Amino acid sequence: MIEIIGLSKKIGQQSVLEDITLSAEEGSLLAILGPSGSGKTSLLRLIAGFDRPSQGEIRLSGRTVSSPTLLVPPARRQVSMIFQSLALW
């Protein structure tokens, strides 16, 4: 299960994500849709552990893996991310 509670991310003074809350059960399908620049990639980077949230927390299987004071490394999250455009060099 993934739980996102009150998640926000700022880059400098610009708010990229603001107060996102969602949950998805294990084995369910979740789609993140929105126009260019709406924060989809930022949300995925936060879930994967590449970035630290400014506020809120992310829980995987009931365990907090991200918050402003905690960042479990990507390799210890058992989360995979496939980028849209792959580069071999």
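Rule-based calculations on the coordinates, nothing more; no lab input. Since we're looking at a predicted model, the values are computed, not measured. Positions of Cβ are backbone-derived with ideal geometry, glycine not excepted, and every protein chain shown enters the neighbour counts.
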Checklist outcome for this item: Per the filter on the range 1-44, residues touching a residue at least 24 places away in the same chain (Cβ under 8 Å), among the basic types (Lys, Arg) and either touching a His at 6+ places or on another chain (Cβ under 9 Å) or within 19 Å of Pro74 (Cβ to Cβ) (or both) are Lys9
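Return the residues of the range 35-86 that are among the polar types (S, T, N, Q), within 16 Å of Ile11 (Cα to Cα) and touching a Lys or Arg at 6+ places or on another chain (Cβ under 7 Å); say none if nothing qualifies.
Just the residues of the range 35-86 that are among the polar types (S, T, N, Q), to begin with: 36, 38, 41-42, 54-55, 61, 64, 66-67, 69, 78, 80, 84-85.
Applying the additional criterion that residues be within 16 Å of Ile11 (Cα to Cα) yields 38, 41-42, 54-55, 67.
Selection gives Ser42, Ser54.
Collect the residues in the range 45-89 that are at positive phi, of a type in the set (S, T, N, Q) and in contact (Cβ under 8 Å) with a residue 40 or more places away in the chain, keeping them in residue-number order.
So in the range 45-89, the residues at positive phi come out as 49, 56, 61-62, 78.
When the remaining residues are screened for being of a type in the set (S, T, N, Q), the result is 61, 78.
If the condition is that a residue be at positive phi, of a type in the set (S, T, N, Q) and in contact (Cβ under 8 Å) with a residue 40 or more places away in the chain, then Ser61 is the only one that fits.
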Next on the checklist: Can you confirm whether Val79 is aliphatic (A, V, I, L, M), assigned to a loop (DSSP other than H, G, I, E, B), touching a helix residue (DSSP H, G or I) at 6+ places or on another chain (Cβ under 6 Å) and surrounded by 10 or more Cβ atoms within 10 Å (Cβ to Cβ)?
Outcome noted: yes
Checklist outcome for this item: In the range 42-75, anything surrounded by 13 or more Cβ atoms within 10 Å (Cβ to Cβ) and of a type in the set (Gly, Ala, Ser) is listed as Ser42, Ala48, Gly49, Ser54, Gly56, Ser66, Ser67
Item to check | the range 1-43, residues that are in a loop (DSSP other than H, G, I, E, B), of a type in the set (Gly, Ala, Ser) and touching a strand residue (DSSP E or B) at 6+ places or on another chain (Cβ under 6 Å) | outcome: Gly39
Item to check | Count of the range 24-41 residues which are surrounded by 11 or more Cβ atoms within 10 Å (Cβ to Cβ) and more than 12 Å from the chain's Cα centre (by Cα) | outcome: 2
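Does Gly56 satisfy the criteria of being in a strand (DSSP E or B) and not polar (S, T, N, Q)?
On the way: in a strand (DSSP E or B): yes; not polar (S, T, N, Q): yes.
Criteria met by Gly56.
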